[in-house]
Amino acid sequence: MYYIGIMSGTSLDGIDLVLTCFNDQPKLICSVLHPFPSTLKQQLLQLCQPGNNEIELLGPTEQQLAQCYAAGVAALLKQANITANSVAAIGCHGQTIRHRPDGQYPFSLQIGDMHTLAMLCQIPVIADFRRKDIAYGGQGAPLVPAFHRAVFQQAASRRAIVNIGGIANVTLLPADSDRPVTGFDTGPGNALLDNWVMHCHAKPYDENGSFCSQGQVLPKLLSAMLADPYFAKPAPKSTGREYFNLNWLLPFRPERFKAADVQRTLCRLTAQSIADSLHSSRLQQVYVCGGGVHNPVLMADLATLLPECTVSSTDALGVDADWVEAMAFAWLAWAYQHQVTGNLPEVTGASKACVLGVPYLP
Ligand SMILES: Nc1ncnc2c1ncn2[C@@H]1O[C@H](COP(=O)(O)OP(=O)(O)O)[C@@H](O)[C@H]1O
Ligand SMILES: [Mg+2]
């Protein structure tokens, strides 16, 4: 039986869909990046910020998002030339519109009407992966480390997996599989780079790092940014675009500098905050996944800042860097159906390991 994973992250660059199977090692059979219609993307961006009359916007947006996910599933099945009845389940992350794991009443909200998705696809959907971990006192994030452990851990190798989406997160895989796997969100991944290139050039992202490659790192600006308390905060910790966005950047008065120098500094900020999170672990190998692998300036910064280890993309391990996160949510659906726990308490801070997810049946 096949499993489908659907992931749309904080970057809102599109919906990642994968068709997988988990017989022996996880296998990627087929993948699709399905676009958001521009009106839906605007609605989602609006819901990511506090505003007026949010419920009237939320309801229809959940329906439209489910229809968009279902269209992505149809495209995936067509490309793979298989029918819905050979798919055991869809693991659907949903779209995070708010992530506040640290208040007196912590919560994380992923939207998308999963009943509609199950109905349209005629496939069981497993969703709502984060809230049980939060109920047990965890951050509800990151959830990919259990999958990273299942796929990438190797005896006698001290490895880290670094996922650079809108936000970046790390998973530290010890050489001894009896030792706990740790991990957390390091802070911004591509989010601030996307925000600044949009602000300056109305482009959604800095394609192949061409904007940042025209600039120089501004050391004082970099130190001021690195002084943000999130970077020094001990794990468990997680964050989102409600924190690292243009409103975070503007108080540093970036307009004082050459725009490309600001972009270059934001790129170094991502690399430096990741490297600082890894230094103490005496790693041998760092494998990167997520959209950040396509920014050569960012990848070169990471390699420079981590001279003690090899830095490469997860492609080197035979798992395409663009699809690791969607595969993780397909795996979480598999884990739900096999009653395998999906959170790592050492990572999220939850008081116990739990089977994650809620089923929505057609
Ligand atoms: N060719 C590229 N050059 C530079 N950056 C890229 C490229 N392709 C993707 N990215 C970056 O990756 C981001 C998407 O990464 P992704 O892992 O999908 O993040 P998320 O999980 O937040 O959706 C884009 O917003 C962009 O910043
Ligand atoms: Mg994405």
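Here are some notes:
- Exactly one residue out of Ala70, Ala88 is over 22 Å from Ile164 (Cα atoms) and in contact with a Phe, Trp or Tyr (Cβ under 7 Å, 6 or more places away or on another chain), and it is Ala88.
- Helices (runs of 4 or more DSSP H) contained entirely in region 112-222, each with at least 2 residues that are more than 30 Å from Phe22 (Cα to Cα) and within 16 Å of ligand 2 (Cβ to nearest atom): 191-201
- The single condition among (1) surrounded by 15 or more Cβ atoms within 10 Å (Cβ to Cβ); (2) under 22 Å from the mean Cα position of the chain (by Cα); (3) not in a strand (DSSP E or B) that Ile82 does not satisfy is (2).
- Helices (runs of 4 or more DSSP H) contained in region 231-316 and holding at least 3 residues of a type in the set (A, V, I, L, M): 259-278, 296-305
- Residues in region 291-338 that are more than 16 Å from Phe152 (Cβ to Cβ), free of Cβ contacts under 8 Å to residues at least 60 places away in the same chain and small (Gly, Ala, Ser): Ala300, Ala303.
- Test: Thr270 is within 20 Å of the chain's Cα centre (by Cα) and within 14 Å of ligand 1 (Cβ to nearest atom): yes
- When residues of region 152-178 are limited to those that are more than 11 Å from ligand 1 (Cβ to nearest atom) and among the polar types (S, T, N, Q), the one farthest from Leu298 (Cα to Cα): Ser177
- Test: Ala335 is in contact with a Ser or Thr (Cβ under 9 Å, 6 or more places away or on another chain) and among the small types (Gly, Ala, Ser): yes
- Leu12 being of a type outside the set (Ser, Thr, Tyr), within 16 Å of ligand 2 (Cβ to nearest atom), under 20 Å from Ile123 (Cβ atoms) and out of contact with any Asp or Glu (no Cβ under 7 Å at 6 or more places or on another chain): no
- Restricted to region 1-24, and to residues there that are among the acidic types (Asp, Glu) and closer than 21 Å to Asp194 by Cβ, the residue that is nearest to ligand 1 (Cβ to nearest atom) is Asp13.
- Checked against (1) touching a Lys or Arg at 6+ places or on another chain (Cβ under 7 Å); (2) surrounded by fewer than 17 Cβ atoms within 10 Å (Cβ to Cβ), Arg253 meets all criteria but (1).
- Looking only at region 1-25, and only at residues there that are hydroxyl-bearing (Ser, Thr, Tyr) and assigned to a strand (DSSP E or B), the one that is nearest to Ser108 (Cα to Cα): Tyr3
- Taken over region 26-47, residues that are surrounded by 19 or more Cβ atoms within 10 Å (Cβ to Cβ) and either assigned to a loop (DSSP other than H, G, I, E, B) or not assigned by TED's automatic domain parsing to the domain that holds Ala71 (or both) amount to 2.
- Some residue of region 186-207 being in contact (Cβ under 8 Å) with a residue 40 or more places away in the chain, within 15 Å of ligand 1 (Cβ to nearest atom), farther than 18 Å from Leu249 by Cβ and buried (at least 17 other Cβ atoms within 10 Å of the Cβ): no
The values are calculated or read from the model by the stated rules, or taken from the named source; none is laboratory data. On a predicted model such as this, the values are computed, not experimentally measured, just so you know. Using ideal geometry, Cβ is built from the backbone for each residue, glycine included, and neighbour counts are taken over all protein chains shown.
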